[in-house]
There are 2 protein chains.
Amino acid sequence: MIYDIDVTEELIKNNIKPSYQRLKILSYLAFKRNHPTVEQIFNELVDDIPTLSKTTVYNSLNLFIQAGLVKPLNIEDHETRYDYDTSDHGHFKCIECGTIKDFSLKIDIDNDSMSGYEILEKNVYCKGYCPRCLENKKKI
Amino acid sequence: MIYDIDVTEELIKNNIKPSYQRLKILSYLAFKRNHPTVEQIFNELVDDIPTLSKTTVYNSLNLFIQAGLVKPLNIEDHETRYDYDTSDHGHFKCIECGTIKDFSLKIDIDNDSMSGYEILEKNVYCKGYCPRCLENKKKI
DNA sequence: ATGATAAATGTAACGATTACAAATGTGGAG
DNA sequence: CTCCACATTTGTAATCGTTACATTTATCAT
């Protein structure tokens, strides 16, 4: 499967050489805009790149994170997910079906308690039931 | 070291038998009110309970979480921390010294995008520099 | 072509967590 | 008090995501 989003310039701008693997990985994220795990990325790209290694996926993603092109997501307990959308937004995970959804938000941090601190990064994630799973639960 | 907070009733109320180990672990959390890792909890309690096993620490903490007595914290990438304070609040971690600080907050989630969802749990964590580390950076 | 450098690959190691079986503790019936 | 059933604890081994590292492959200027 080919994801026709050209991210070459994006990589060059950030001093990352646009290798074949890096282009595939980043354009996969840019096209899908889901929040995949390394496992998912690897499994979907290995058809295109039979020699692909998971290490390469890890290496590339860590490069992207350092360059600010991608944000890691720790909504799972022990598996990192990766988000192409680096803007401030929250994530909701359905504890029934596992779907992850973006949502917009406004965080009001009590300034008194945080004066003197320099906040560089905010993360918000919620858990609960999505509408579909709520429906299904009613039926049973 | 003995932490003189009696959490026996708290355990009984939640149908958890107040064994020696469980009492020690929960009262450690209640007394310290820091955000320790399993490693930290184990290291501090093993002096009191020489036969203590890490598995017991994990088992007890997972029991506490299921009962809602303790909240897990995924502010670290790959190591869970545990919080005795289960009320809604945010966590700040200094990326220099690693200190974790609680702060109060108000989250305004855009209701339009989340209508139909049932949100059971909200988590907020921020990263940046604490005042002390900001001071030290200026000096250098 | 050739050689220097960067990137990709595969395997092994690591660290947090869990599975599991054996040992220990607890509490009630006789 | 003793015995037995059951829960808890313990230690070891397994699991799984991630990283370290050495080897192979690709890139690119000379």
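Regarding B:Ile25, is this residue more than 18 Å from A:Asp77 (Cα to Cα), open to solvent by less than 40 Å² (accessible area, probe 1.4 Å) and in contact with a Lys or Arg (Cβ under 8 Å, 6 or more places away or on another chain)? Criteria not met by B:Ile25. Applying the set (1) away from DNA strand D (no atom under 11 Å from the Cβ); (2) closer than 23 Å to B:Gly90 by Cα to B:Glu44 leaves exactly one unmet item: (2). Among the criteria (1) away from DNA strand C (no atom under 16 Å from the Cβ); (2) facing chain B (nearest Cβ under 9 Å); (3) exposed (fewer than 13 other Cβ atoms within 10 Å of the Cβ), the one A:Gly128 does not fulfil is (3).
As for region B:50-71, it holds at least one residue that is within 16 Å of B:Ile100 (Cα to Cα) and under 11 Å from the mean Cα position of the chain (by Cα). Here the condition is being within 13 Å of DNA strand D (Cβ to nearest atom), under 12 Å from the mean Cα position of the chain (by Cα) and charged (D, E, K, R); of A:Arg33, A:Arg81, A:Arg22, it holds for A:Arg81 alone. Counting just the residues of region B:2-17 that are open to solvent by less than 50 Å² (accessible area, probe 1.4 Å) and within 12 Å of DNA strand D (Cβ to nearest atom), which one comes out farthest from the other protein chains (Cβ to nearest Cβ)? Ranking the qualifying residues of region B:2-17, first place goes to B:Leu11. Does A:Asn74 qualify as being open to solvent by 60 Å² or more (accessible area, probe 1.4 Å) and either in contact with a His (Cβ under 7 Å, 6 or more places away or on another chain) or of a type in the set (S, T, N, Q) (or both)? So A:Asn74 fails the test. Inspection of region A:53-63 finds no residue satisfying the criterion of being more than 8 Å from every other protein chain (Cβ to nearest Cβ) and modelled with pLDDT under 95. Going through (1) more than 10 Å from chain B (Cβ to nearest Cβ); (2) open to solvent by less than 50 Å² (accessible area, probe 1.4 Å); (3) not acidic (Asp, Glu) one by one, A:Gln66 falls short only on (2).
Any residue that is more than 19 Å from B:Ala67 (Cβ to Cβ), exposed (fewer than 12 other Cβ atoms within 10 Å of the Cβ) and out of contact with any Ser or Thr (no Cβ under 6 Å at 6 or more places or on another chain) - is there at least one of those in region B:28-39? Checked region B:28-39: at least one residue is more than 19 Å from B:Ala67 (Cβ to Cβ), exposed (fewer than 12 other Cβ atoms within 10 Å of the Cβ) and out of contact with any Ser or Thr (no Cβ under 6 Å at 6 or more places or on another chain). Of all residues in region B:38-61, those that are in contact (Cβ under 8 Å) with a residue 40 or more places away in the chain have Cβ atoms under 7 Å from Cβ atoms of residues that are among the aromatic types (Phe, Trp, Tyr) and outside any loop (DSSP other than H, G, I, E, B), 6 or more apart or on another chain, in B:Val38/B:Tyr58; B:Ile41/B:Tyr28; B:Glu44/B:Tyr28. Going through region B:42-53 one residue at a time, which ones are part of a helix (DSSP H, G or I) and more than 10 Å from DNA strand C (Cβ to nearest atom)? B:Asn43, B:Glu44, B:Leu45 - these are the residues of region B:42-53 that are part of a helix (DSSP H, G or I) and more than 10 Å from DNA strand C (Cβ to nearest atom). Could you list, in sequence order, all residues of region A:95-115 that are loosely packed, with under 11 Cβ neighbours inside 10 Å and over 15 Å from B:Asn123 (Cα atoms)? Result: A:Gly98, A:Asn111, A:Asp112, A:Ser115.
One line per residue, one yes/no per condition, for (1) among the β-branched types (Val, Ile, Thr); (2) touching an Asp or Glu at 6+ places or on another chain (Cβ under 7 Å):
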site: B:Ser27; (1), (2): no, no
site: B:Glu39; (1), (2): no, no
site: B:Phe64; (1), (2): no, no
site: B:Ile75; (1), (2): yes, no
site: B:Lys106; (1), (2): no, yes
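The values are calculated or read from the model by the stated rules, or taken from the named source; none is laboratory data. Worth saying up front: this structure is predicted, and the values here are computed from it rather than measured. So basically every Cβ, Gly included, is an ideal-geometry build from the backbone, and we count neighbours across all protein chains shown. What goes into the accessible areas is simple: the full protein's heavy atoms, side chains included, and nothing from ligands, DNA or RNA. Shrake-Rupley method; radii C 1.70, N 1.55, O 1.52, S 1.80 Å.
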